[in-house]
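The values are calculated or read from the model by the stated rules, or taken from the named source; none is laboratory data. None of the values given here were measured: they were computed from a predicted structure. FYI the Cβ positions are ideal-geometry reconstructions off the backbone, even for glycines, and counts take in every protein chain you see. Areas reflect the complete protein model, heavy atoms only, side chains present, ligands, DNA and RNA absent. Shrake-Rupley method; radii C 1.70, N 1.55, O 1.52, S 1.80 Å.
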Amino acid sequence: MDRFIYLTATPEALIASMLPPIEFGEYLSTGTKKRNRAQAIFFEVDLNQIEGLVDMNSLNRRCIPGPDGTPKRSVYLSVYRVLELVPLSALKSLYLTTDHGQTLELKQAPYDPSEEIHGHLRLYQELCPVSPMIVSEYSPSVFLKRITDNSTPIVLPKLFFVDLKLGELATNPLKGSAENLPYSNIGHLRDCIEILKGEHEKHMKTVLRVYTGCLLYRTIERGFYVGANDKIIYYPYPTMAELENINYEFFRAI
């Protein structure tokens with residue numbers, strides 16, 4: 001049987017499995033007896049590029065079929081500093097799984113920072129290795145560079161995050177309509193934006209300190225980003241109309 005390596009973001013871990021991505025996503029989100037309910041977000045990782053980072057003897061010994069031929073579902077290889085140590089070049093497709101076990105594959109696409117639109121606010125959900133929700137004036141590439149380039153006292157080696165919809169709040173934070181934004185903390189979000197706009201030297205403001213563990217997939221703006229400094233890997237997220245055609249079961253589940 002084939003073996004796959006996955007980097008899960010929530011929580012952060014490096015896992016070996018004999019399940020292909022779609023089946024692995026279903027296993028993570030619903031368990032073996034369908035009694036569990038939880039989202040899962042994970043990358044497939046190129047094993048050839050991380051052989052020096054894992055105990056291959058242990059992997060070969062533990063990631064084997066059961067006596068009845070059942071594929072091994074998961075073998076944990078690491079739960080600490082995983083994103084930091086895995087090379088960006090080793091990351092393959094990104095997978096999103098609903099709490100009902102429907103999985104969507106997102107593939108990498110070229111990203112040109114020169115095409116970013118400036119002058120309005122963004123809402124970012126950091127996912128790994130930390131998980132605050134941040135409102136910021138920075139575009140995705142600038143936000144990533146700012147947090148990973150050692151220019152501030154708080155620095156991360158790499159960051160994986162997603163941009164979320166702000167609707168009219170992106171250009172009219174205080175009076176813009178929030179009618180189509182399903183966030184439970186709209187009042188607090190407006191307060192954070194007001195603070196950010198009122199302090200000219202402040203370019204980022206924490207909205208939530210801890211990720212709730214549930215990402216509203218319908219609120220994703222453009223997609224997911226992972227990288228460090230000037231290196232950014234982009235996973236575009238389809239529009240709702242595109243998603244309905246690409247993966248109807250996932251579309252229905254969100």
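Output yes when any residue across the range 205-228 is more than 19 Å from the chain's Cα centre (by Cα) and crowded, with 17+ Cβ neighbours inside 10 Å, and no when none is.
Here is the first cut: in the range 205-228, the residues more than 19 Å from the chain's Cα centre (by Cα) are 205.
Add one more test, that the residue is crowded, with 17+ Cβ neighbours inside 10 Å, and what stays is 205.
Checked the range 205-228: at least one residue is more than 19 Å from the chain's Cα centre (by Cα) and crowded, with 17+ Cβ neighbours inside 10 Å.
What are the pairs, 6+ residues apart or on separate chains, where a residue within the range 181-192 that is within 17 Å of D163 (Cα to Cα) has its Cβ under 7 Å from a residue that is of a type in the set (S, T, N, Q) and open to solvent by less than 80 Å² (accessible area, probe 1.4 Å)?
P182/T219
For the subset of the range 177-202 comprising residues that are surrounded by 13 or more Cβ atoms within 10 Å (Cβ to Cβ) and in contact with a strand residue (DSSP E or B) (Cβ under 7 Å, 6 or more places away or on another chain), which member is nearest to R122 (Cα to Cα)?
I193
Against the conditions (1) at positive phi; (2) assigned to a helix (DSSP H, G or I), where does N150 fall short? Just the number, please.
Going through (1) at positive phi; (2) assigned to a helix (DSSP H, G or I) one by one, N150 breaks only (2).
Within the range 153-176, which residues are modelled with pLDDT of 90 or more, open to solvent by 20 Å² or more (accessible area, probe 1.4 Å) and either among the polar types (S, T, N, Q) or under 14 Å from R222 (Cα atoms) (or both)?
K165, G167 - these are the residues of the range 153-176 that are modelled with pLDDT of 90 or more, open to solvent by 20 Å² or more (accessible area, probe 1.4 Å) and either among the polar types (S, T, N, Q) or under 14 Å from R222 (Cα atoms) (or both).
Within the range 213-225, is even one residue touching a strand residue (DSSP E or B) at 6+ places or on another chain (Cβ under 9 Å) and part of a helix (DSSP H, G or I)?
Yes, there is a match, as at least one residue in the range 213-225 is touching a strand residue (DSSP E or B) at 6+ places or on another chain (Cβ under 9 Å) and part of a helix (DSSP H, G or I).
Go through the range 66-94 residue by residue and tally those that are among the basic types (K, R) and over 18 Å from L127 (Cα atoms).
Final tally of qualifying residues: 2.
Those residues that are among the hydrophobic types (A, V, I, L, M, F, W, C), in a loop (DSSP other than H, G, I, E, B) and either closer than 15 Å to L19 by Cα or in contact with a strand residue (DSSP E or B) (Cβ under 8 Å, 6 or more places away or on another chain) (or both), I need them from the range 37-91; list them, please. Working first, answer last.
Within the range 37-91, the first condition is being among the hydrophobic types (A, V, I, L, M, F, W, C), and the residues that meet it are 38, 40-43, 45, 47, 50, 53-54, 56, 59, 63-64, 75, 77, 79, 82-83, 85-86, 88, 90-91.
Add one more test, that the residue is in a loop (DSSP other than H, G, I, E, B), and what stays is 38, 50, 54, 63-64, 79, 86.
Selection gives I50, V54, C63, I64, V79, V86.
Quick one: which of T219, T152 is β-branched (V, I, T) and closer than 22 Å to H120 by Cβ? Talk me through it step by step, then tell me what you get.
Working: T152 fails: closer than 22 Å to H120 by Cβ.
The conditions single out T219.
For the structure I just gave you, tell me whether E23 is among the charged types (D, E, K, R) and in a helix (DSSP H, G or I). Write out each step before concluding.
On the way: among the charged types (D, E, K, R): yes; in a helix (DSSP H, G or I): yes.
Against the criterion (among the charged types (D, E, K, R) and in a helix (DSSP H, G or I)), E23 qualifies.
Taking K107, is it touching an Asp or Glu at 6+ places or on another chain (Cβ under 9 Å), open to solvent by 10 Å² or more (accessible area, probe 1.4 Å) and among the basic types (K, R)?
Details: touching an Asp or Glu at 6+ places or on another chain (Cβ under 9 Å): no; open to solvent by 10 Å² or more (accessible area, probe 1.4 Å): yes; among the basic types (K, R): yes.
No: the conditions fail for K107.
Only one of L159, L144, L215, L127 is touching a Cys at 6+ places or on another chain (Cβ under 8 Å), within 25 Å of L85 (Cβ to Cβ) and in contact (Cβ under 8 Å) with a residue 24 or more places away in the chain; which? I'd like the intermediate steps shown before the answer.
Details: L144 fails: touching a Cys at 6+ places or on another chain (Cβ under 8 Å); L215 fails: touching a Cys at 6+ places or on another chain (Cβ under 8 Å); L127 fails: touching a Cys at 6+ places or on another chain (Cβ under 8 Å).
The conditions single out L159.
Please determine, by comparing only the residues of the range 13-68 that are within 19 Å of L106 (Cβ to Cβ) and among the acidic types (D, E), which one is least open to solvent (accessible area, probe 1.4 Å).
Only one residue tops the list, namely E44.
For the range 99-113, indicate whether the set of residues that are outside any loop (DSSP other than H, G, I, E, B) and under 14 Å from H203 (Cα atoms) is non-empty.
Scanning the range 99-113 turns up no residue that is outside any loop (DSSP other than H, G, I, E, B) and under 14 Å from H203 (Cα atoms).
Within the bounds of the range 46-65, is there any residue that is under 30 Å from N245 (Cα atoms) and touching a residue at least 40 places away in the same chain (Cβ under 8 Å)?
Initially, the range 46-65 is screened for residues under 30 Å from N245 (Cα atoms), giving 46.
Cutting the leftovers down to touching a residue at least 40 places away in the same chain (Cβ under 8 Å) gives us 46.
Yes, the conditions are met somewhere in the range 46-65.
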